[in-house]
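The values are calculated or read from the model by the stated rules, or taken from the named source; none is laboratory data. Note that this is a predicted model, so its numbers are computed, not measured. Here Cβ is always computed from backbone atoms with ideal geometry, including for glycine, and neighbour counts include all displayed protein chains. Just so you know, the surface numbers come from the protein's heavy atoms only, side chains and all, with ligands and any DNA or RNA stripped out. Shrake-Rupley method; radii C 1.70, N 1.55, O 1.52, S 1.80 Å.
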Amino acid sequence: MSLPALSIVGVGPGDPELVTLKAARLIGAAEVILAPLGDRSDASIAESIIAGLVDSNRQQVIRQVYPMSKNPAEMENFWRDAARQAATLVRAGKRVVFITLGDPLLYSTALYLVRVLRDEAPEIAVDFVSGVSSINAAAARAGLPLALADERLAILPATFEGDKLRRALEDFDTVVLMKVHRVFDKICALLQEMDLLRQSVYLKRVGLAEERLFTDLTRVTAEDLDYLSLVIVRKS
């Protein structure tokens, strides 16, 4: 008898209405839901998105607390423990879903889990379920097309360094910069220098109660900066 697959399910950026029908079906059918939780937060955003889909009388939610660390060894140990926990549940015949913000194949923490799981338990199949990314939701909120016809789109971490970022802004019609909170001032200075500031928008916590949209980046204050944030630069 073959083992059930582990489902890696994207639940969108924050708005429960953006959870796909397939994601909702798999979450509703799961016996165990694995919910990632950062150690600097008191709640799982992904878990809160699906709260209305979970029946606590028949489903178990396991919160996997991962350290917000840049220490590779520390993170490797965590992901190995998390993968082993998931593998144990699947081997026991449980239907297990790992939920993740946005889309599981775009800047997702779930990919670290899958990498280790394929090493620890290669016999367990992994299914991915696409979710609405914060990029798509932010573009919809701002009313900005990401690309038309033969236009080119770049999606970059905001820490993309110096001249490389400048070249991307020169070469692409639309540039999306992810998680801009720590380098926001540097980004604004470069956009100002390249005369792109007025063609840029800043969004934070898209789909959540604290969502904000700024069409004028000079009005963004330190209090407005957030880990869940991005800038869209649309040149056309």
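Structure data summary
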read-out: The range 1-156 - Rg and Dmax from Cα coordinates, angstrom; value: 16.2, 51
read-out: Surface accessible to a 1.4 Å probe, per residue, for the residues of the range 143-224, Å²; value: 59
read-out: Residue-span extension gain [K22 to A147] - 0.36 nm each, minus C-alpha spacing; value: 42.3 nm
read-out: Listed residues L89, L111, S48: farthest to the positive end of the dipole of the range 1-124 (Cβ charges); value: L89
read-out: Calculated FRET value between S236 and K70, using beta carbons and R₀ = 35 Å, to 0.05; value: 0.45
read-out: Long-range Cα-Cα pairs in the range 115-179 (distance over 19 Å), rounded percent; value: 53
read-out: Amide proton proximity set for F98, modelled H, under 5 Å, gap of 5+; value: S7, I8, V9, L34
read-out: GluC sites (Glu not before Pro) restricted to the range 151-236 and DSSP loop, no more than 16 other C-beta within 10 Å; value: E151, E161, E210
read-out: Within the range 1-90, trypsin sites (Lys or Arg not before Pro) in DSSP loop having at most 16 other beta-carbon neighbours inside 10 Å; value: R40, R58, K70
read-out: Value of [θ]222 nm, deg cm²/dmol, for the chain, DSSP H segments ≥ 4, -39500 (n - 2.57) each, nearest 500; value: -9500 deg cm²/dmol
read-out: Evaluated over the range 110-236, the Cα radius of gyration and Dmax, each in Å; value: 16.6, 53
read-out: Candidate lysines - alpha carbon under 30 Å from K204, same-chain residues fewer than 8 apart omitted; value: K22, K70, K164, K179, K186, K235
read-out: Solvent exposure ordering (accessible area, 1.4 Å, most first) of I62, I135; value: I62, I135
read-out: Charge dipole magnitude, Cβ of K and R +1, D and E -1 - the chain, Cα centre, debye nearest 20; value: 340
read-out: Of the DSSP H helices in the chain, those whose Cα atoms cover at least 27 Å axially and whose Kyte score averages -1.0 or more; value: 72-91
read-out: Net charge, A35 excluded, C-beta distance under 12 Å - Lys, Arg +1, Asp, Glu -1; value: 0
read-out: Loop sites in the range 143-193: trypsin sites (Lys or Arg not before Pro), DSSP, at most 13 other Cβ within 10 Å; value: R152, R182
read-out: Net charge contributed by nearby residues that have their C-beta within less than 13 Å of N77 (K/R +1, D/E -1); value: -2
